[in-house]
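The values are calculated or read from the model by the stated rules, or taken from the named source; none is laboratory data. Bear in mind the structure is a predicted one, so any value in this text is a computation, not a measurement. With ideal geometry, Cβ positions are generated from the backbone for all residues, glycine too; neighbour counts draw on all protein chains shown. Just so you know, the surface numbers come from the protein's heavy atoms only, side chains and all, with ligands and any DNA or RNA stripped out. Shrake-Rupley method; radii C 1.70, N 1.55, O 1.52, S 1.80 Å.
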Amino acid sequence: MAGPSEDEIEHASALQEAAKTEPSSVDVDDVVDLLVDGDQQTRSIAFEAFTELAAVRSAAVDATVARLEEHLTTDVTDIRRRAVLTTEALVERHPEPFERVVPELRAIADDRSTPGREPAILALAKLALERPTAVVPAVDSLLAICHEPVIPVDDSTPDGIPDAGPHRGAALKQERKNRDEVRVHAIAGLTRIAAADPATIRGSVSDVADLLEDDNTLVRAGACEVLEAIALEFPREVEPFVSALATRIASDGKHPVPWRAADTLVAVGDACPERVGHAVAPIVDDLSKFVESRNAERRTNGITLLADAANAQPKAVESMIPKLRARLEDDDPSVRANAALALGFAGDVTAYATIAELAESDPNADVRDAADRSLDRLRRTEATDG
């Protein structure tokens, strides 16, 4: 393959030098065209020129994006592909100006046959991390790539001669690595979009929930985060998937998936405690890793879920009662409050005196209130048993 011509290198170098010494004289379109159409060495020099211009000319970035927009819509496939690659490389540095090319990137991302599709998705995902609401129109594009399997490597050469096994295996491994990188970026972008505007993904809850069984740990964790963001605003939309989330807690050994699944269940449980309680009841022993965690938020989540389980099926938490009693003295008030509620729902009358002391003298008002509610429940339990 022929290397860059001396003229191309000389032109790129002249632009770089002018960007340092006389930036106002540089034609930004020339720099962008080299970024898009140059070889590796030329692009590297042009990138330095762009960096110099962007530092001193605020309009240079806008002009760059405008020129890239032209290349993103060209009929020349290779130029369009290179423009996508350039956009992906620059979007994190200057996210706001790149909002204008979301429609072009989305069009490329939605065409599975077009070269540059995956870099377009990466560019959208990276933009979503910084400007999530701008990428709302591309939610379906990001979600679609998360569901796509790795495309199998062709079993034969163009001549029909079977490919050597080891070579095909290496190619497939690299393909899977590349696709997983795109998928992880896509789900990360979706978590930001969901956090900023959960309504935009509300209609895709089922598709997101399907990713709870994905073979990539980060995709599963990201799916939990998206569901949590939706549940905080629309808990009933996520309610049908509480059993799948409970399964993640019990059977997923890859962190942070169990923690993220618990976050989501707690968010749903605020509106649907009984449904969450029934889902969690079969896995209460698996919540020990939460109850015994050094992290207060994880302890709170675990005991909140135990409270939901105790409310729905009091006998389900019998094995956890000693650990709940111990948490009545936890340093974190949220843990104490939820431990008191869980014991009240479970009907643990032997904890009455300790809970009564919390109701009377705990410095935290929420703990006192939770203890009072627990005592009411325990009094009803005693009256029923009597």
Kindly indicate whether T217 is open to solvent by 10 Å² or more (accessible area, probe 1.4 Å) and not small (G, A, S).
yes
Quick one: which residue in L328, L341 is open to solvent by less than 20 Å² (accessible area, probe 1.4 Å) and assigned to a helix (DSSP H, G or I)?
L328
Starting from the range 83-106, take each residue that is more than 10 Å from R131 (Cα to Cα) and list its partners that are acidic (D, E) and at pLDDT 95 or above, counting only C-beta distances under 6 angstrom and pairs at least six apart or across chains.
P97/D62; V101/E69
Which of the following residues is in a helix (DSSP H, G or I), at pLDDT 85 or above and surrounded by fewer than 21 Cβ atoms within 10 Å (Cβ to Cβ): R183, R236?
R236
So how many residues does the range 231-287 have that are of a type in the set (D, E), within 22 Å of N338 (Cα to Cα) and more than 17 Å from the chain's Cα centre (by Cα)?
5
Can you say whether I249 is touching a Pro at 6+ places or on another chain (Cβ under 8 Å) and at pLDDT 95 or above, as far as the supplied structure shows?
yes
Consider the range 283-320. How many of its residues are of a type in the set (K, R), in contact with a helix residue (DSSP H, G or I) (Cβ under 6 Å, 6 or more places away or on another chain) and outside any helix (DSSP H, G or I)?
0
Looking at T42, T64, T74, can you tell me which residue is assigned to a loop (DSSP other than H, G, I, E, B) and among the polar types (S, T, N, Q)?
T74
Condition first: among the small types (G, A, S) and closer than 27 Å to V184 by Cα. Now tell me which residues in the range 239-295 satisfy that.
S243, A244, A246, A250, S251, G253, A261, A262, A267
Open to solvent by less than 50 Å² (accessible area, probe 1.4 Å), under 30 Å from A170 (Cβ atoms) and in contact (Cβ under 8 Å) with a residue 40 or more places away in the chain - does that describe any residue in the range 125-140?
yes
Can you confirm whether A271 is touching a residue at least 24 places away in the same chain (Cβ under 8 Å), surrounded by fewer than 22 Cβ atoms within 10 Å (Cβ to Cβ), of a type outside the set (S, T, Y) and over 30 Å from E130 (Cβ atoms)?
yes
Exception for T114 within (1) open to solvent by 70 Å² or more (accessible area, probe 1.4 Å); (2) not in a helix (DSSP H, G or I) falls at (1)
Looking only at the range 199-217, which residues are more than 13 Å from the chain's Cα centre (by Cα), of a type outside the set (A, V, I, L, M) and part of a helix (DSSP H, G or I)?
T200, R202, G203, S204, S206, D207, D210, E213
Filter result for R100 (basic (K, R), in a helix (DSSP H, G or I) and surrounded by fewer than 17 Cβ atoms within 10 Å (Cβ to Cβ))
yes
Here are some conditions: (1) part of a helix (DSSP H, G or I); (2) open to solvent by 10 Å² or more (accessible area, probe 1.4 Å); (3) over 19 Å from R380 (Cβ atoms). H255 meets all but one. Which one does it not meet?
(1)
